[in-house]
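The values are calculated or read from the model by the stated rules, or taken from the named source; none is laboratory data. None of the values given here were measured: they were computed from a predicted structure. Every residue, glycine among them, receives a Cβ derived from its backbone with ideal geometry; neighbour counts consider all protein chains shown. Quick note on the areas: whole protein, heavy atoms, side chains included, nothing else; ligands and nucleic acids left out. Shrake-Rupley method; radii C 1.70, N 1.55, O 1.52, S 1.80 Å.
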Amino acid sequence: MTNDICPDSGSSTSTPTDNELQEHEITINNKYYVKTKYHRKNESPMQIAEVLATRLNKDGNLEYYVHFKDFNKRLDEWVLEDRIDTSKEVVEMKLSESSPCTTPRDLTEFDNSFFSTSSLDESESLTQAECSSQSLGVLEKKPIKSRVKNLDAIWFGEHYLQTWYFSPYPQEYTEARVIYICEFCLNHFISEKQFERHCKKCTIRHPPGNEIYRDGEISFFEIDGVRQTTYCQNLSLLSKLFLDHKSLYYDLIPFMFYIMCRSDAYGFHIIGYFSKEKNSVEHNLACILTLPHFQRQGYGRLLIEMSYELAKIENKIGTPEKPFSDLGLLSYQKYWQEIIIEVLHRYHQFHGGEITIEEISEKTYIAQRDVLYTLHTLGIGSYQGQTAIRLTDAMIVMSKNKKRRIDRSKLDWTPPVFTYNQLRYTK
Ligand SMILES: [Zn+2]
């Protein structure tokens, strides 16, 4: 039984036998109170968690892979038995008793509380949609193997990055637990020696596409999924390690990829990317990722801004594909708030009076639904019988306080035109 659901063990460890497991009362698929490192100050560190897998670590001790209830999967971890309380029966609140609109907790909760979504109603709340899918157990239906991280970490160029989620790298790779990835061609290697040999031979110094933007050290490259299949497949595998909500597209034909890089004397180092479905009527972005070592530096905002700049050139008002990841939601909330406050402030200064949601959408290329959602997050209210929003000084300062921006004059891009074969799915 355990062999079917245990993650692949590393070469220095082994899978526990049934006898070894029977000595313990902790069983897979059961829930226990487990000590977490991520709890609020006034909250017990013992939280309900489900055991998803077991393994023997390199010291020969049994470890359990646990998912904490209502916590983001990113916080799943391997724990030793001493953090699991088997003496206390787990009592769970019924669905109706739990908070109906709470995004699964994650690291962002502890340092980003500015953007509240509590004022949203059910039909408009993106958080609600994400919350619902968790509450109804959509994630629970995934095969258990894909719920357990298969790699502990990657060496990405010179960066050692701990992974967050499962990614379907080849089976033999997962036995290494740590793999090596070339940051320029994104090829992956199971051993350090193979990686070093590759680095000596690899001459690629930028993503294999056209450079459509350069502003100082920041560049964007456009890549067609039909032409650069290997690179895009490797990019998808890499991004799956840090994104939980998207299916991995092995069929990359219907997508364009926009890779953002930071250049130095050695080459163009990938910061992140977004993908965009070719000829999508509704969506201006399919998937977005800033690599962990570049997060919290304003680069996610730059990726989002570029997606809207491309939409302006196409003259298409669009919206990103949903559901968002938790980090994606925060980035979009922040971007939409900044842009909409900027428009409202400028309009008030030069015109006064009223502006409609449709007009805000036309000025910003943000879809009306997203404008409405953002106005709710900003605290839309009723003043003297009129629906209105009060812009505070703090809001205006926040909207002006942007470290990084896209300079449209440096964007050299014409919307690509696709043939039938470049658009179709092969499945
Ligand atoms: Zn390479």
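Centre-to-centre, using Cα atoms only, the stretch 144-196 and the stretch 398-413 are separated by 34 Å.
Among Arg390, Arg227, Arg177, the sequence by solvent-accessible area, most first, with a 1.4 Å probe is Arg227, Arg390, Arg177. Summary value for the stretch 252-339: 23 percent relative contact order, contacts being C-alpha pairs under 8 angstrom separated by 6+ residues.
Of the residues Val148, Val417, the one with the largest accessible area comes first in the ranking Val417, Val148, computed with a 1.4 Å probe on protein heavy atoms.
The residues Trp413, Trp336, sorted by heavy-atom accessible surface at 1.4 Å with ligands and nucleic acids left out, run Trp413, Trp336 from largest to smallest. Enumerate by residue number the GluC sites (Glu not before Pro) in the stretch 306-355 meeting two conditions: DSSP loop (anything except H, G, I, E, B), and at most 14 other Cβ atoms within 10 Å of the site's Cβ. Within the stretch 306-355, the qualifying GluC sites (Glu not before Pro) (loop, at most 14 other Cβ atoms within 10 Å) are Glu354.
Specify whether the C-alpha gyration tensor of the stretch 285-427 places it in the rounded, prolate or oblate class, a ≥ b ≥ c being the square roots of the eigenvalues: rounded for a/c under 1.5, otherwise prolate if a/b is larger than b/c and oblate if not. Judged from the Cα gyration tensor, the stretch 285-427 comes out prolate (a/c at least 1.5, a/b above b/c). Rolling a 1.4 angstrom probe over the stretch 314-385 with all protein chains present gives an accessible area of which 49% lies on carbon and sulfur atoms. Taking other residues whose beta carbon is less than 13 angstrom from the beta carbon of Tyr231, and scoring Lys, Arg as +1 and Asp, Glu as -1, yields -2. Computed with a 1.4 Å probe over protein heavy atoms only, the accessible surface of the stretch 232-314 comes to 30 Å² per residue.
For the listed residue pairs Lys35/Lys73; Lys363/Lys403; Lys73/Lys149; Lys278/Lys410; Lys334/Lys400; Lys149/Lys240, the alpha carbons are over 19 angstrom apart in Lys363/Lys403; Lys278/Lys410.
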